[in-house]
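Here is the structure we will look at, set down as structure tokens.
The values are calculated or read from the model by the stated rules, or taken from the named source; none is laboratory data. These numbers were taken from a predicted model, which means no experiment stands behind them. Here the Cβ is made from the backbone with ideal geometry for all residues, glycine too, and neighbour counts use every protein chain on show. These accessible areas exclude ligands, DNA and RNA; they are computed on the full protein's heavy atoms, side chains included. Shrake-Rupley method; radii C 1.70, N 1.55, O 1.52, S 1.80 Å.
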Amino acid sequence: MSLATIAAVALGSAATLVSLQGGPGFGAVRLGAWTSWPQVGDSDIDPYARASLAVDGALPLGAREGAAFIATTDDEGAPLDARCDYHIFGQAPAARFWTLSAYDVDGRLRPNLADRHGLTSSALLRDSDGDFLIEAARDARPGNWLPLGEKSRFILILRAYQARTSAVGGAYEGMSVPSIARGECS
């Protein structure tokens, strides 16, 4: 085997590993702190996204089933950390039903004393305009509380079922997603 072949295989392997460490494939759509990959649940998924999903063992929503949005930072770009409280507020994407859950950075639901891992649109308290405020924190809060558990870093996943989106990123223009503001940190 020639040195050029060895170098090519090593470079290709390194590029593949790096691509699998980021989000699932190309075509990410960013809305504030939230990121979605519209083509992940579609039949024309790119090979890197397909590989990323296979490595993670993830089962994405189908293109016509809805959309998933992932936040790893707050609206200011700071990584989400359970040592801080977060105010998640505003409007969610137009969808028949949606869920918001906290996961650890490895994609597992975060253990917490309340044994509650997420909130749903059907059980959320809202104001007269339909806006909501969710308090994400380690300690219990009145109202819409999303427990964060004890580990520091976490991610939020918002799944919008039967959302008014498509696999085309332009369909996300003007879509509402909640804001994520960092509160006090301990």
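Once you list every other residue whose beta carbon is under 14 Å from the beta carbon of Asp75, what net charge do they have if Lys and Arg are +1 and Asp and Glu are -1? Present the calculation step by step, with values, prior to reporting the outcome.
Details: positive: Arg30, Arg182; negative: Asp74, Glu76.
Residues near Asp75 contribute 0 overall.
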Study note, to complete from the structure: Honestly segment 81-172 on the Cα gyration tensor test (a ≥ b ≥ c root eigenvalues; a/c under 1.5 rounded, otherwise a/b vs b/c for prolate or oblate) is just oblate
Review point. Using θ = phi - 60° and the Karplus form 6.51 cos²θ - 1.76 cosθ + 1.60, what ³J(HN,Hα) does each residue of segment 121-133 get, whole Hz, x for Gly and Pro?
Key: 4, 6, 10, 8, 7, 9, 8, 5, 8, x, 6, 9, 10
Point to revise | Rounded accessible area of Thr72 (nearest 10 Å², 1.4 Å probe) | key: 60 Å²
**Study point:** Contour excess over end-to-end distance, with Cα ends at Ala28 and Glu184 and 0.36 nm allotted per residue
**Key:** 53.1 nm
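Gain in length, Arg141 to Ser176, computed as 0.36 nm per residue apart minus the alpha-carbon separation, to one decimal in nm? Don't jump to the answer; show the numbers that get you there.
Numbers: separation 35, 0.36 × 35 = 12.60 nm, distance 2.50 nm.
Answer, rounded to one decimal: 10.1 nm.
Just by accessible area at a 1.4 angstrom probe, what is the order of Ile155, Ile88 from largest to smallest?
Values: Ile155 25, Ile88 0 Å².
Sorted by accessible area, descending: Ile155, Ile88.
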Point to revise | For Phe97, residues with placed amide H under 5 Å, excluding near neighbours | key: Tyr161
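Once you have the Cα-Cα distance between Arg96 and Ala78, take 0.36 nm times their residue separation minus that, and quote the gain in nm to one decimal. Can you show the working numbers first?
Numbers: separation 18, 0.36 × 18 = 6.48 nm, distance 3.06 nm.
Here the answer is 3.4 nm.
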